[in-house]
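One structure below.
The values are calculated or read from the model by the stated rules, or taken from the named source; none is laboratory data. As the structure is a prediction and not an experimental result, all values here were calculated from the model. Glycine also receives a Cβ, built like all others from the backbone with ideal geometry; neighbour counts cover every protein chain displayed.
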Amino acid sequence: MLEIIVDEKYHECRIDRFLADSFKEYSRTYFQKLLKEGRISCNGKTCLQSKYPVETGNKITIDVPVQKETTLSAQDIPLNVLYEDSDMIVINKDAGIVVHPAAGNHEGTIVNALLGRDEDFADKLEDHSRPGIVHRLDKDTSGCLLVAKNPISMYALSKAFQYRKVKKHYAAIVYGIPEESEEEIMTQIGRHRVDRKKFTVLEKGGKIAISRYKVIKSGEIDGIPVSLLDVEIETGRTHQIRVHLAHKRIPVMGDEVYGGKQKIAAPRQLLHAWKISVAHPVTGKQMFFEAPFPKDFAEFADRIK
């Protein structure tokens, strides 16, 4: 059983969207299914409609059905640990590795690696699907990944992301030279109406997404204009940076989904979760972490002349 009180900023928000934002470990589709099954109530009254608007102070109760436990395998996969204590781990994730098991990726993930370090990791988190995972990075994005080590830190870190208390800076190598040396991009982002695996900028009906970039370096690689950017994201929408930069016609190099035909052969999308800052989930002390550029990213950054 899950319970949550509606915060003021979600006043008149659709209940399915509110719940998906509040409980990152579950999808919006999952909550829509529970609503249809009559498993969600608002102030004690069963709610069946996904579009039902919640109000500030509403008490939402979710009867989460017992699910078949997912068997997670422990694997000896090396992790580049930037920081670790009894409450959290900060990993410098390699490009090419998925964060948690999902359809088509049941092994070889960060979660499998965490279990390889501690077979009781999932039991300690009381989570056998995505233990410790409070945010995600795309498979081909490298860099800082925060992981919780116990239920208290899991809750605190999840709330920090939900309420935008985590500062996240990415380094991106993009095609083109931006017209402005720094700029804020604020749009709505939602699923592409034709290709449902992609996301796109929408005029209405999406979620607000806010990104800010600064140009670190501009020049050319093999005669093609390119730039190295520092991108800070205030929100954490799926594919947000890739969608925003493509929208500004400065797509991430190597991004075949949003960047179109590639002019330069890059080994992957050149996007790196460079820096992250968050209050420690137990002590409250502000923590700062930086993941050095991996070899492939650094080589391309150095080629910009």
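Are any residues in the stretch 18-40 closer than 14 Å to V6 by Cβ and surrounded by fewer than 16 Cβ atoms within 10 Å (Cβ to Cβ), and if so, which ones? Within the stretch 18-40, just D21 meets the criteria. Going by what's in this entry, would V243 be described as touching a residue at least 60 places away in the same chain (Cβ under 8 Å), β-branched (V, I, T) and outside the structural domain of S142 (by TED's automatic domain parsing)? Spelling it out, it is not the case that V243 is touching a residue at least 60 places away in the same chain (Cβ under 8 Å), β-branched (V, I, T) and outside the structural domain of S142 (by TED's automatic domain parsing). Give me the residue from the stretch 238-277 that is within 20 Å of the chain's Cα centre (by Cα) and β-branched (V, I, T) and, out of that set, nearest to G219 (Cα to Cα). Looking at the filtered set, the residue picked out is V252. Can you confirm whether K33 is at pLDDT below 90 and basic (K, R)? So K33 fits the description; yes. Pairing each residue of the stretch 76-103 that is free of Cβ contacts under 8 Å to residues at least 40 places away in the same chain with any residue that is of a type in the set (S, T, Y), provided the two are 6+ apart or on different chains, yields C-beta distances under 8 Å for H100/T109; H100/S129; P101/T70; P101/T109; P101/S129. Only residues that are hydroxyl-bearing (S, T, Y) and buried (at least 18 other Cβ atoms within 10 Å of the Cβ) were counted across the stretch 150-195, and they come to 5. Apart from one condition, G260 fits all of (1) assigned by TED's automatic domain parsing to the domain that holds S227; (2) modelled with pLDDT of 95 or more; the exception is (2).
Out of curiosity, is R191 within 17 Å of the chain's Cα centre (by Cα) and either modelled with pLDDT under 95 or under 15 Å from V243 (Cβ atoms) (or both)? Yes.
The numbered conditions (1) crowded, with 17+ Cβ neighbours inside 10 Å; (2) touching a strand residue (DSSP E or B) at 6+ places or on another chain (Cβ under 9 Å) are all true for F121 except (2). A count restricted to the stretch 98-156 and to residues that are aliphatic (A, V, I, L, M) and under 17 Å from S27 (Cα atoms) stands at 6.
In summary, strands (runs of 3 or more DSSP E) completely within the stretch 66-164 and bearing 1 or more residues that are at pLDDT 95 or above and at positive phi occur at 142-148.
Annotation: A172 fulfils all but one of (1) touching a helix residue (DSSP H, G or I) at 6+ places or on another chain (Cβ under 9 Å); (2) assigned to a loop (DSSP other than H, G, I, E, B); (3) under 25 Å from I264 (Cα atoms); the unmet one is (2).
Residues checked against (1) out of contact with any Leu (no Cβ under 9 Å at 6 or more places or on another chain); (2) free of Cβ contacts under 8 Å to residues at least 60 places away in the same chain; (3) surrounded by fewer than 22 Cβ atoms within 10 Å (Cβ to Cβ); (4) more than 16 Å from E179 (Cβ to Cβ):
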{"site": "P225", "(1), (2), (3), (4)": "yes, yes, yes, no"}
{"site": "T235", "(1), (2), (3), (4)": "yes, no, yes, yes"}
{"site": "Q262", "(1), (2), (3), (4)": "yes, yes, yes, yes"}
{"site": "R268", "(1), (2), (3), (4)": "yes, no, yes, yes"}
